[in-house]
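Down below is the structure, laid out as structure tokens.
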């Protein structure tokens, strides 16, 4: 089964704060009209293992982005046509539009974000995984997440410490297929 599923149906204690469902993102505009995180069922199964390991440490994941409608990718590319940070939809869609990528951070069990290298969508060298001047605490927190994600079947994107892609490959999912009919375009 490789359909999209609501993450919280399988991981009820994970935190979800979709940044593109608010104005708190690099566009400054609300892009999504939905607030639930969706991923491929196989991706969620892998994420369940990560969450279980974190739970034992009194920690949790918070999802900032998961499935992304392909139409959103065109909006992002128009705003930031730099393939270091935004996948060019003409060359091929982001793994987010395939339901196999997730942007995450580390939180405590109350949902309070822990110190991480940068804020989300920091399009600077500070967000790169091998940036040498993160604080020791931010480095330790990021390494906890990275190790668990990689150990459970994800690859880490070097340019963004928060971005992980399932090693299993999936096809692009259009909005109608995803059951997501609401999408905001702000202009």
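Read the figures in this text as sums done on the coordinates, not as results from a lab. Keep in mind that this is a model prediction, so the values were computed, not measured. Every residue, glycine as well, gets a Cβ built from its backbone with ideal geometry; the counts of neighbours run over all protein chains shown.
Before anything else, pin down the relative contact order of the range 82-140: Cα pairs under 8 Å, at least 6 apart, normalised by residue count, whole percent.
Numbers: 32 pairs, mean separation 12.2, N = 59.
Taking the mean separation of contacting Cα pairs over the length of the range 82-140, I get 21 percent.
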For residue 48 and residue 24, extending 7 Å from Cα along the Cα-Cβ vector and measuring point to point gives, in nm, a value of 2.9 nm
Place the peptides 24-31, 162-169 in order of packing, highest mean first, counting for every residue the other Cβ atoms within 10 Å and averaging per peptide.
162-169, 24-31
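For residue 131 and residue 41, compute 0.36 nm times the residue count separating them, minus their Cα-Cα distance, and round to one decimal in nm.
Details: separation 90, 0.36 × 90 = 32.40 nm, distance 3.28 nm.
Working it through step by step, the gained length comes to 29.1 nm.
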In nm, to one decimal, how far is the residue 168 label point from the residue 71 one, both placed 7 Å along Cα→Cβ?
2.8 nm
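What number, rounded to the nearest 500 deg cm²/dmol, is the helix-based mean residue ellipticity at 222 nm of the chain, given -39500 (n - 2.57) per DSSP H run of at least four residues and division by all its residues?
-7500 deg cm²/dmol
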Prolate/oblate/rounded call for the range 1-67, Cα gyration tensor, a/c under 1.5 rounded:
oblate
Go through (1) 15.4, 45; (2) 16.1, 44; (3) 17.7, 58 and flag the label whose value is the computed Rg and Dmax of the Cα atoms in Å for this structure.
(1)
Going by how many other Cβ atoms sit within 10 Å of their own, how do 68, 112 line up, fewest first?
112, 68
Name the most mobile residue of 155, 43, 110, meaning the one with the largest mean-square fluctuation, in a Gaussian network model of the chain with Cα contacts below 10 Å.
110
